[in-house]
Each structure stands twice: as structure tokens, then as C-alpha cells.
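Q: Quick one: the structure is below, and I'll ask about it shortly.
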Amino acid sequence: MLDGSKEKETARAMSDPASYDPDLSVSEEENEATEAVREAGDDALWYVIHTYSGYENKVKATLEQIVENRQLQNEILEVEVPMEEVVEIKDGKKKTSMKKIYPGYVLVRMKLSDRIWYIVRNTRGVTGFVGPNSKPIPLTDEELAIMGMAGDWEPIVDYDVGDSVKVINGPLESFVGVVDAISNEKKKVRVLVSMFGRETPVDLDFTQVLRI
């Protein structure tokens, strides 16, 4: 049970994290965050935060407002809710809509510090950072590439013409095809995928396919 002062402190932090910045209390989650801060250094890295279902866009908007109000542009650089375009056919009509790729998750590129961790963690709708024991773990370049985000990942091309590969991001995600040509100069691979009952050549980046 929280005492009166602690209960008020928690209520203030959850209701308005943008204007509240107390000394961090000691907890297992905060200790993990402090360790993550030491490991991250001064680089701005991508982290994943978990949110309540349906709160993704609200969390993004709230964080962006906090950044503007507190002038944190150099500490929280980007907030993204990964989306993809979905095409449906209803009543013979083509309908295009945007769908969340990872429901319940928001990506934040930031310079991790105890202060920034506290602000993000206590934003309304956020349930924690993704990582062991809620320890913030930055995404690797490979993970960013697989998610369709910018990254410096240089994939190992361990396939050859005639090998089967799987598309891991983009409009053809989850499609399986056969390598038809490889351009190391352009870092492109041509894959034959089955579409509409026939093989169709598609040019993809190296970061969009994996050998199966």
C-alpha cells in the first residue's frame, strides 16, 4: 500500500509526466534502466515500448507533445507507430487502409538517460520497455532492417540463383520465391514469386529477403 505522499507523487507522474520530473525511486525496473543507460552511452538508438491495446497513436501524440513542450528534440528524436498499407476488395470495390504492423508497440529513437526513461515509461498508455525484466534494449541494425526501418545492417548474401528465399518486409512480406538474379553492385536481388497463378519477377533489396 502506498503512503499518502507516494500515492500523490505517483498520481502526478502518471497524469502529467511532461511537467513532472522527481528523483527516481529505487525499484528493480529502474535499476535495469540505469544499467541500460550506462550501456547505451550518448548515441540515439531505437527502443520499443509496449502500450495498452489501441493506445499506440495516443502514446505517439503524447510523447511528441512532451518533446515540444520540454524542448527534448535532442533527446527524443523520433516516435513511430509502424504502419502498412492494406488493400481489400469489398462489394467489388478496392479499398485501401492503413494497418498497424505491430499492435501494442511504439518505436522511439532517443538518447537513453534516467530522466528520459522516466518520462517515456510514465507516459499515459505505456506499460513498459521491451527487454528482459523491462530493461530497455536497443534494436539492432538487422532488426531495424527486418522491420522496414532505416539501418546500417549489411546482410550476408548466403543464397544463390535458384535458391528459395522469404520476403521479410515490404508489400510482399511472407511471400516465398526463387532467386532469379543478384546484383551486388546495387544490393538488389530479383526474386520470382507466384502471383495470380504465375511467376512474377520482383526486385528487392538484400535487406528484404532471407534464405530458407
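Laboratory data are not the source of any read-out in this text; all were calculated from the coordinates shown. Here the structure is a predicted model, which is why all the values come from computation and not from measurement. No Cβ is skipped: glycine too gets one built from the backbone with ideal geometry, and neighbour counts run over all protein chains shown.
Q: Grab the other residues whose beta carbon is less than 12 angstrom from that of Glu88, score K and R as +1, D and E as -1, and report the net.
A: After counting each charged neighbour, the total is +3.
Q: On to the next question. Using the crude model of +1 on Lys and Arg Cβ and -1 on Asp and Glu Cβ, and no other charge, please compute the dipole size for segment 96-212 relative to its Cα centre, in debye to 20. Before the final figure, lay out the partial values.
A: Values: 15 positive and 15 negative charges, 168 e Å.
Dipole of segment 96-212, to the nearest 20 debye: 800 debye.
Q: Now for a different question. At 7 Å along Cα-to-Cβ for each site, give me the label-to-label distance between Lys58 and Ser164 in nm.
A: 4.5
Q: A follow-up question, please. Which of the GluC sites (Glu not before Pro) found in segment 40-88 are loop residues per DSSP with 12 or fewer other Cβ atoms within 10 Å of their Cβ? Before the final figure, lay out the partial values.
A: Details: sites: Glu56, Glu64, Glu68, Glu75, Glu78, Glu80, Glu84, Glu85, Glu88; in loops: Glu75.
Counting only loop positions with at most 12 other Cβ atoms within 10 Å, none of the GluC sites (Glu not before Pro) in segment 40-88 qualifies.
Q: Now for a different question. Roughly how many nanometres apart are two label points built 7 Å out from the Cα toward the Cβ at Val157 and Asp141?
A: 1.7
Q: What does the charge count around Val59 come to, taking other residues whose C-beta lies under 13 Å from its C-beta (Lys +1, Arg +1, Asp -1, Glu -1)?
A: Working: positive: Lys58, Lys60, Lys100, Arg121, Arg124; negative: Glu56, Glu64, Glu80.
Summing Lys and Arg as +1 and Asp and Glu as -1 gives +2.
Q: For labels at Met98 and Arg124 in the simple 7 Å Cα→Cβ model, what's the distance in nm?
A: Between Met98 and Arg124, the simple spin-label model gives 2.2 nm.
Q: Can you pull out the GluC sites (Glu not before Pro) in segment 118-212 whose DSSP state is coil and whose Cβ has at most 14 other Cβ atoms within 10 Å? Present the calculation step by step, with values, prior to reporting the outcome.
A: Working: sites: Glu142, Glu143, Glu173, Glu185, Glu199; in loops: Glu173, Glu185.
Here the GluC sites (Glu not before Pro) that fit, given the DSSP loop and packing criteria, are Glu173, Glu185.
Q: Given 0.36 nm per residue, what is the gain on full extension from Val176 to Glu39 after removing their alpha carbon distance, in nm? Write down the numbers at each step before the final one.
A: Values: separation 137, 0.36 × 137 = 49.32 nm, distance 3.80 nm.
Stretched out fully, the Val176 to Glu39 stretch lengthens by 45.5 nm.
Q: What FRET efficiency do you get for Glu28 and Ser113 if R0 is 25 Å and r is their Cβ-Cβ distance, rounded to the nearest 0.05?
A: Details: r = 19 Å, r/R0 = 0.76.
So, using R0 = 25 Å, E works out to roughly 0.85.
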